[in-house]
Amino acid sequence: MATSVIEICNSALLDLGEDAIMSLGDESKAAALCNHRWPAVRDAVLRAHPWNCATSQAELAAAAASPLWRWECRYVLPSDFLRIVHIVGTGGALVRDWEILGGSVLCNEAAPLFITYVRRETDPRKYDALLAETLAARLAATLAYPLTGSTSLAQSCWKMYQDKLGEARGVNAREGVPESVTPTGWLGAKVGRG
């Protein structure tokens, strides 16, 4: 388990044979590249799988303005949204016909809408050890060419990232019981579940 962004960045840099940094504000090319690339790398890896540590649920109310055509309802996504995992309607059934457009979910389902989604988890202390290693591997793959000029090292790092991603996804997917898509609480009681 990582304790900080710097720890993840230093893992990536050490894999590339670079010196460790003390902060993202250090006066070095490595620190500047880590500072610039970290947010995009983090979001890309989090979007790649519904990680347990970054999965959340939300109840969405219909927006005041409806879509112009095709869909009847628009629901604004949470500000930390990265990826939809499931959408469930008020009756507890999985919503299968929808699309994301401009930060909103568009569909024909009446409000409220319940989503399970991958959120932008910015606290590295919540990442398990395999996810932290996967993040470091993708960061190393991203930084390999700018820091070393070696395309073969960049390709090798990308392969390492893919291997670590596969391992981390596998372990993460085996933790816990498969998620029920039926909302709990008052809605579950209302429809006879929960």
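The values are calculated or read from the model by the stated rules, or taken from the named source; none is laboratory data. Every value quoted in this text rests on a predicted model; they were computed, and no experiment measured them. Positions of Cβ are backbone-derived with ideal geometry, glycine not excepted, and every protein chain shown enters the neighbour counts.
Listing for the model above:
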{"quantity": "Every residue from region 35-58 that is without any contact (Cβ under 8 Å) to a residue 60 or more places away in the chain and not assigned by TED's automatic domain parsing to the domain that holds residue 161", "calculated": "58"}
{"quantity": "Evaluation of residue 53 against (1) within 29 Å of residue 134 (Cα to Cα); (2) assigned to a strand (DSSP E or B) (one fails), failing number", "calculated": "(2)"}
{"quantity": "Residue within region 69-83 that is part of a helix (DSSP H, G or I), surrounded by 18 or more Cβ atoms within 10 Å (Cβ to Cβ), in contact (Cβ under 8 Å) with a residue 12 or more places away in the chain and of a type outside the set (Gly, Ala, Ser) present", "calculated": "no"}
{"quantity": "Out of 98, 69, sole residue that is out of contact with any strand residue (DSSP E or B) (no Cβ under 7 Å at 6 or more places or on another chain) and either hydroxyl-bearing (Ser, Thr, Tyr) or farther than 30 Å from residue 152 by Cα (or both)", "calculated": "69"}
{"quantity": "Selection status of residue 144, in a helix (DSSP H, G or I), touching a Cys at 6+ places or on another chain (Cβ under 7 Å) and either modelled with pLDDT of 95 or more or not aromatic (Phe, Trp, Tyr) (or both)", "calculated": "yes"}
